[in-house]
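The values are calculated or read from the model by the stated rules, or taken from the named source; none is laboratory data. Everything quoted here is computed from the prediction, not taken from an experiment. All Cβ positions, even for glycine, are placed from backbone atoms using ideal geometry, and neighbour counts span all protein chains on display.
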Ligand code: SF4
C-alpha cells in the first residue's frame, strides 16, 4: 500500500530490540521521502476523455481506491452536468474503471483500450496462423 511504512510486530513477531530497529528504519525511510521535497507519481494512471464522458458514475462505483475517481460538477454548453475526474495521486492504475465505462471514456495512460485491443487482435491472429 502506497504511503504506509510498517514497523514492529505488524510485520512479524518481534522482540523489543527488533521492534525498535524496525521503527528506526521506518523513520529513516519517511525522513528520506520528506527530504526530497516532492513525490514522484506513477504515470500509468486513469485519464478521463471529457468529450466522451456522460457522467454515469459507473467508474466511481467500481473504483478500488476511495477518492481516486469522483464525479464533479462541470459546465457544458451552459448546463451544469457531472463528469468523472481522476485524482492521479490516489489512482492505482488498476483499470477497474476502464472496464465498466459504457462510453469508453476512460483509459490508463500508456495502456489505452485501443492498444489493448490491438494486442489481443495480434495474439488471436498468431494463434489462428499457427
Ligand atoms: S484505475 Fe483503478 S484506482 Fe485508478 S481511477 Fe480507475 S478504478 Fe480507480
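In the range 73-98, which residues are under 14 Å from residue 51 (Cβ atoms) and within 11 Å of the ligand (Cβ to nearest atom)?
Within the range 73-98, 84 is the sole residue that qualifies.
Taking the condition touching a helix residue (DSSP H, G or I) at 6+ places or on another chain (Cβ under 6 Å) and in the same structural domain as residue 95 (by TED's automatic domain parsing), does residue 64 pass? So residue 64 fits the description; yes.
Residue 55 passes every criterion in (1) surrounded by fewer than 16 Cβ atoms within 10 Å (Cβ to Cβ); (2) over 29 Å from residue 39 (Cα atoms) apart from (1).
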